[in-house]
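Beneath this line is the structure, given in structure tokens, with notes to follow.
Every number here is computed from the coordinates shown, using simple stated rules; none is lab data. These figures come from a predicted structure and were not determined experimentally. Using ideal geometry, Cβ is built from the backbone for each residue, glycine included, and neighbour counts are taken over all protein chains shown.
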Amino acid sequence: MTILTRRRALLGAAALATAYPILRSSPALAQAAAGPFTLPPLPYAPDANEPSIDKMTMEIHHGRHHAAFITNLNNAARDHPQIAAMPMHQVLQKIGEMPEAVRGIIRNSGGGHANHAMFWTIMGGKGGTPGGDLAAAITRDLGGLDKMKTDFNAAGVRVFGSGWVFVTVDAAGKLALTTRPNQDNPRTDGQMVLMGNDVWEHAYYLKYQNRRADYLAGWWNIVNWPAIEARYAAAKAGTLGV
């Protein structure tokens with residue numbers, strides 16, 4: 001029994017030693033396949049969101065997970081160049097018009113690209129409160145900031161498995177709270193995304209393990225409200241992309 005236990009421990013240590021250098025690699029953790037789609041750079045240093053989101057999580061999330069979506073899109077675009085002929089938010093809106101062979105890639109990798117391109121830009125801030133028209137809309141449509149946060153976090157906790165929690169916005173500026181499984185993006189249902197949080201485990205597991213509720217609560221500390229206010233204005237002006 002002692003020999004067997006020791007052997008298991010040694011095997012576990014060897015596996016950890018093999019994996020650890022991979023996790024410690026540089027910020028350029030993956031090289032997306034060349035093509036019309038490119039991985040947008042983080043608009044801040046990978047450690048800018050600490051302690052709410054740790055540096056290693058940001059590096060892996062951006063440099064591997066998002067990069068993988070770019071690779072998938074570029075590989076698909078070689079045989080179906082029409083998926084790169086318009087902005088991604090329009091591709092998602094017109095998913096039913098795209099070749100059947102690439103609809104799954106558009107939903108999963110196109111949605112993942114859109115979701116993450118939005119996600120990076122609405123973080124890196126100092127939390128606090130929104131102002132102006134957005135603050136008024138949150139009060140009008142979502143019961144105020146405190147209620148919105150409570151409902152947003154509760155919806156995020158309820159997502160079964162992997163997915164996202166979003167606040168959507170229409171052309172008139174009306175807000176709504178919604179969730180989507182996997183990398184589904186509300187644009188496929190004709191809705192614009194104001195903001196959203198990723199509740200896939202890769203977004204929080206290194207720091208929070210299974211404590212998704214703690215991750216959701218801490219995330220508000222690094223929300224960039226001026227960036228979200230700009231998205232709200234763009235939605236009403238008809239210029240909001242992903």
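At-a-glance table
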quantity: Exposure proxy ranking, count of Cβ atoms within 10 Å, fewest first, for Leu39, Leu142; calculated: Leu142, Leu39
quantity: Cross-link pairs Lys147/Lys207; Lys126/Lys149; Lys94/Lys236; Lys174/Lys207; Lys126/Lys207; Lys149/Lys207 - those with Cα-Cα distance over 23 Å; calculated: Lys147/Lys207; Lys174/Lys207
quantity: Among Val169, His65, Gly127 the positive-end extreme of the charge dipole of the chain (Cβ point charges); calculated: His65
quantity: Aspartates and glutamates whose Cα lies under 18 Å from that of Lys55, excluding same-chain neighbours fewer than 8 positions away; calculated: Asp47, Asp198, Glu201, Asp214
quantity: Theoretical FRET efficiency, 1/(1+(r/R0)^6), r = Cβ-Cβ of Lys94 and Asp151, R0 30 Å, to 0.05; calculated: 0.45
quantity: Normalised contact order of the chain, rounded percent, pairs of Cα under 8 Å and 6 or more residues apart; calculated: 21 percent
quantity: Extension reserve of the Ala135-Glu50 stretch, reckoned as 0.36 nm per residue once the Cα distance is removed; calculated: 28.0 nm
quantity: Part-to-part distance (alpha-carbon centres) for the range 86-108 and the range 50-75, which is given in Å; calculated: 22 Å
quantity: Per residue Cα convex hull volume in Å³ - calculated over the chain; calculated: 147 Å³
quantity: Exposure proxy ranking, count of Cβ atoms within 10 Å, fewest first, for His89, His116; calculated: His89, His116
quantity: Cβ charges +1 (Lys, Arg) and -1 (Asp, Glu), total dipole of the chain, debye; calculated: 620 debye
quantity: Tail beyond 19 Å, pair distance distribution of the range 48-123 (Cα, percent); calculated: 38 percent
